[in-house]
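For reference, the structure discussed in these notes is given below.
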Amino acid sequence: IKICGQGIGETILDGFGLFIGGSKSNGSVVIEDLSIQGGTGNGLWADSGMDLIVRRCKVEKCQVGGVVANNAHISCDDVQVVSCGSSGVAALSGGTVKLSGENTRIEGNVTSGHSNHYGLTAYDSSSKIQIVTPLTKDTISINNVGGRNWGGDGTIEQVSA
C-alpha cells in the first residue's frame with residue numbers, strides 16, 4: 001500500500017490519523033509527502049502488523065501521540081512531529097522506530113502534560129528508537145513541554161545507516 005501526497009503544505013489530512021494493522025506477510029505501507037493534523041487520537045499508529053515507511057511528512061497537533069509503533073516497525077525519513085498531546089514518537093511492546101533525514105524534527109510535544117511521555121519515548125525494555133547518524137537525540141528532539149525530550153524504559157540509540 002502506498003499513500004502519496006503532493007507535499008507537506010499541499011496535501012493535509014485534517015482531523016484524523018492513520019492506523020496501520022494487517023499482517024507482516026502483506027508487506028509494508030509507504031506514506032509520503034503529506035501532513036496529518038488535528039486528529040483526536042494518534043497521527044500515525046502501526047500496531048502489530050505491517051511495517052510502515054514514512055517519508056517527508058509532518059504530523060502535528062494530534063490529541064494523543066504523533067508516530068507510534070506498537071509491536072511494529074516504523075522507518076521515518078525527514079519527518080516532523082510537532083505539538084502532539086502525548087509522545088511525539090513512541091515505541092512500545094517490541095516496537096521500533098528508526099529516524100533519519102536532515103529535516104527530522106520532534107518538537108513541542110507533550111502538550112497534555114502526561115508525566116510518562118516525552119518527545120521520544122521508548123516505553124518498555126522491548127522497545128527501541130534508533131536515530132541514524134549524523135542525527136542525534138539532542139538535535140532532533142527539542143523544546144518538548146517541560147524539557148521532556150526523551151525517556152522511557154526502552155532503548156534510544158544512535159545507529160549508522
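Structure values in brief
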| item | result |
| --- | --- |
| Unique match (being surrounded by fewer than 21 Cβ atoms within 10 Å (Cβ to Cβ) and within 22 Å of residue 153 (Cα to Cα)) among 65, 113, 88 | 113 |
| Candidate set: the stretch 25-51, residues that are polar (S, T, N, Q) and farther than 25 Å from residue 83 by Cβ; chosen: the one surrounded by the fewest Cβ atoms within 10 Å (Cβ to Cβ) | 25 |
| Residues (modelled with pLDDT of 95 or more and surrounded by fewer than 16 Cβ atoms within 10 Å (Cβ to Cβ)) located in the stretch 125-146 | 125, 133, 134, 136, 138, 139, 142, 143 |
| Sole residue being closer than 22 Å to residue 15 by Cβ and modelled with pLDDT under 95, chosen from 112, 83, 87 | 112 |
| Matching residues, the stretch 98-132, being β-branched (Val, Ile, Thr) and in a strand (DSSP E or B) | 106, 121, 129, 131, 132 |
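The values are calculated or read from the model by the stated rules, or taken from the named source; none is laboratory data. This is a predicted model, so every value here is computed, not measured. Note: ideal-geometry Cβ built from the backbone for every residue, glycine included; neighbour counts use all protein chains shown.
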